Amino acid sequence: MIRTETRTTIAENIELVIKTSKFEEDRKESKLVSIERKDSNFTLYCNEDTHVPTMFEHNEVGDDWGGGIWIKGKKVTDYDGVSELPRGVLKTLRALGYDVSEVD
């Protein structure tokens with residue numbers, strides 16, 4: 001298996017991370033696309049093609065403190081998994097230009 005990781009700065013303290021695993025035997029490739037903020041305990045996971053966030057997870061607790069994010073255009077319309085979106089997730093979404101007024 002061949003693994004690669006690409007990091008691109010997309011905003012102040014925020015990186016788009018693309019981790020790719022390629023299996024030599026069948027030449028299949030798997031990608032994990034995430035957004036990481038240096039001053040946050042949360043990672044946002046994204047759609048592989050559009051890089052739009054679809055879920056979030058705490059870096060230490062995992063999916064016990066995570067959930068889904070629904071975005072229409074540049075507006076966050078809903079979420080699940082927690083009673084309110086964590087401040088670190090909201091801060092990252094705002095920095096990326098998303099309107100969080102419906103969920104904040």
Considering the Cα positions of the chain, please state its Rg to one decimal place and its Dmax as a whole number of Å.
14.4, 48
When THR4, THR92, THR43, THR77 are ordered from fewest to most other Cβ atoms inside 10 Å of their Cβ, what list results?
THR4, THR77, THR43, THR92
Order of 49-61, 8-20 by packing, highest average Cβ count within 10 Å first?
49-61, 8-20
All aspartates and glutamates inside 18 Å of LYS28 as judged from Cα atoms, apart from same-chain residues fewer than 8 positions distant
GLU5, GLU48, ASP49
Set LYS31/LYS72; LYS22/LYS75; LYS22/LYS74 screened for pairs whose C-alpha atoms are more than 29 Å apart
LYS22/LYS75; LYS22/LYS74
For SER21 and ASP64, calculate 0.36 nm times their separation in residues minus their Cα-Cα distance, and state this gained length in nm to one decimal.
12.9 nm
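Where a number appears in this text, it was derived from the coordinates with a stated rule and is not lab data. In this text, all values refer to a predicted model and were calculated from it rather than measured experimentally. All Cβ positions, glycine included, derive from the backbone under ideal geometry; neighbour counts span all protein chains shown.
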